[in-house]
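The values are calculated or read from the model by the stated rules, or taken from the named source; none is laboratory data. Predicted model only: the values in this text are computed from it and were never measured. Neighbour counts are summed over all protein chains in view; Cβ atoms, including those assigned to glycine, are modelled from backbone coordinates with ideal geometry. To get the accessible areas, we keep the full protein, side chains included, count just its heavy atoms, and leave off ligands, DNA and RNA. Shrake-Rupley method; radii C 1.70, N 1.55, O 1.52, S 1.80 Å.
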Amino acid sequence: MKINDLLSHGSEWLRGTGPNSDIVISSRIRLARNLFKISFPHWANKKQCEQVLTTVTDAVSKIALLKQTTVFNLSALDSIDKQFLVERHLMSHDHAQKSEGRAVIVDNEEIVSIMINEEDHLRMQVMQSGFNLYETWNIAGKIDDHLAKELPYAFLPDWGYLTACPTNTGTGMRGSVMLHLPALVMTRQVDRVLAAIAKLSFNTRGLYGEGTQALGNFFQISNQVSLGHGEEEIIGNINGIIRQIIEQEHQARELMFSKNRAMLEDKINRSFGILKSAYIISSQETIELLSLVRLGLDLGLIKHIDQARLNDLFISTQPAHLQKIENKKLTSEERDVKRAQIIRKRLGVSN
Amino acid sequence: MLCDGCGKNQATVHLTEIVNDQMNELHLCEECARKKSQDVEQNFGLGDLLGGMADINKNEKDKEAVSIKCPNCGLTYADFRKIGRLGCGDCYNAFKKYLAPLLKRIHGSSQHVGKSPVFAKKTLGLKKGIDIQELRNKLQRAVEQEQFEEAARLRDQIKNLEVKGPEEGEADRKA
């Protein structure tokens, strides 16, 4: 698979299917693993990084479950390619800043990705559309079991999987769920909900993970604690919290729909109107407006537009995607024009 | 009021800093305030936070901790306090005494519960403890999905295992 082949299909996390897909965008499990006796990437020299890279890619090539994968060496990718993979949630922003001795392995369906020499030697991620953490964990656990047969992991019975940062020690697992909460934001309840989550040792982040802002009413909720609780127990806790947030978002949507329908329809249709008629638009504005159109679609206030087509716009309007689609480097101003053009074309009302 | 930073623009942001118990008021224009907040963000990363947590107390014992060096990768405890990252898996053994309370502070526990790699089960004689843990995980899941018959079966199975093998207590959870 070449990197451009990814362009031909939508990203898994935006497929818009799976349980509770009106509110839950995607479920993700990340496992951090390191190799015994070898320095962690930040402390390793070039030779050690290369050694890890070879060892891990060899191990991956022996696993039947990972047959349909491609290794992307970061030193062979340009900055647009890297950003493209970040936009598709296949690797982290931090990983994209590096090159030598670093790689990401991606399966053709984009459900599994393994970053090599990010903060830890291995960061494997399994991502699925909708509210699906258990199934996602099952896949991640299986891949991990196969890899453990090939790779000598750094592990202590008392402290579990040993990671570069002690905040990941133990299971090395981070389970996260991406939520779309426009009604909680509009009714100004979201801060209260997020504050409650923080008290329970859960993290909230924006669309692109660590250090990013909540954009377009998207929030990523994940566990903070990785030691002292088993994987399924952690997932059970996340699930419990997510179910409550889904319930709250549903209530807020119903409340607005019954009490404040005119305001809601106004906001949604104005957003739709801007997207259909703008000639210059930033990616931030695009996401914020698409978020409201998505809500309109969920509530049946907007019709004649296909959910998959809408979801695809979230990703194909991102900077690197635009440049990949156009197959050339574009300045920020050129992108804003191109973006508006693509949106107008895709949202052109057909009837 | 003019900005304390540049002395040119009108101060619109009023900041109270407390450094070493000294209160200091700052009146800044928007631009200087932005610069100031960037300073704060850049100076305060995760490394500082963890380093700060690892900073147990500044006494003699602490001096000893700082000079400990991981025999495998050469990272010192002082390095760890500075960068907030360990150097390799062996660092966990080298700094064990100091990491245990740190892990407890971060996670509220310093005992791993959860899966183990296949080789660990074999070489570390973990099998039994792991089995029980896996069953507990399944039990948790069954309860959550309201599969109560399955849950009852699992509960009995765990009880059975727990009663049967105190001689293998070594591998079991200390809790």
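Modelled spin labels at B:HIS14 and A:ASP58, positioned 7 Å past Cα toward Cβ, are 6.7 nm from each other.
Only four residue types carry charge here, +1 at the Cβ of Lys and Arg and -1 at the Cβ of Asp and Glu. Report the dipole size of segment A:261-346 about the Cα centre in Debye, rounded to the nearest 20.
Working: 16 positive and 11 negative charges, 51 e Å.
Dipole size: approximately 240 debye.
Under 16 Å from the 7 Å Cα→Cβ point of A:LYS142, by amide nitrogen: which residues of segment A:26-41? Residues passing the 16 Å test: A:29.
Across chain A, Cα pairs under 8 Å and at least six residues apart give a relative contact order of 19 percent. Starting from one equal scatterer on each C-alpha and no solvent at all, send me the Debye-based log10 I(q)/I(0) for segment A:261-346 at q = 0.11 Å⁻¹, two decimals. Taking Cα atoms of segment A:261-346 as identical point scatterers yields -0.29. Mind jotting down the distance between the C-alpha centroids of segment A:1-71 and segment A:144-169, whole Å? Their Cα centres are 16 Å away from one another.
The mean number of partner chain beta-carbon atoms within 10 angstrom of a residue's beta-carbon across peptide B:104-111 is 6.
Top mean-square fluctuation among A:GLU119, A:GLU232, A:GLU249, Gaussian network model of chain A, C-alpha springs under 10 Å? So, out of A:GLU119, A:GLU232, A:GLU249, the one fluctuating most is A:GLU232.
Partner chain Cβ atoms within 10 Å, averaged over the residues of B:79-89 - can you pull that number for me?
On the way: counts 1, 1, 0, 0, 4, 4, 10, 12, 6, 13, 18.
Partner Cβ neighbours, averaged per residue: 6.
Once the Cβ-Cβ distance of A:GLU334 and A:ALA308 is raised to the sixth power relative to R0 = 25 Å, the FRET efficiency obtained is 0.40.
Rounded to a whole number, what % of the accessible area of chain A do carbon and sulfur atoms account for, probe 1.4 Å? Please report the intermediate quantities before stating the final value.
On the way: 6890 of 14230 Å².
Percent of accessible area from carbon and sulfur atoms in chain A: 48.
In peptide B:137-149, how many Cβ atoms from other protein chains are near each Cβ within 10 Å, on average? Intermediate values should be presented prior to the final figure.
Details: counts 8, 2, 2, 8, 7, 0, 1, 8, 3, 0, 0, 0, 0.
Counting Cβ atoms of other protein chains within 10 Å of each residue's Cβ and averaging gives 3.
For the peptides A:287-296, A:36-45, the ranking by mean Cβ contacts within 10 Å, running from highest to lowest, is A:287-296, A:36-45. Total buried accessible area between B and A, probe 1.4 Å, nearest 100: 3900 Å². Using a Förster radius of 45 Å, what is the FRET efficiency between B:VAL66 and A:GLU254 based on their Cβ-Cβ separation? Nearest 0.05, please. Rounded to the nearest 0.05, the efficiency is 0.20. If you wrap the Cα atoms of segment A:3-253 in a convex hull and average its projected area over all directions, you get 12.9 nm².
Of the trypsin sites (Lys or Arg not before Pro) found in segment A:146-237, the ones in coil according to DSSP and having at most 16 other Cβ atoms within 10 Å of their Cβ are A:ARG188.
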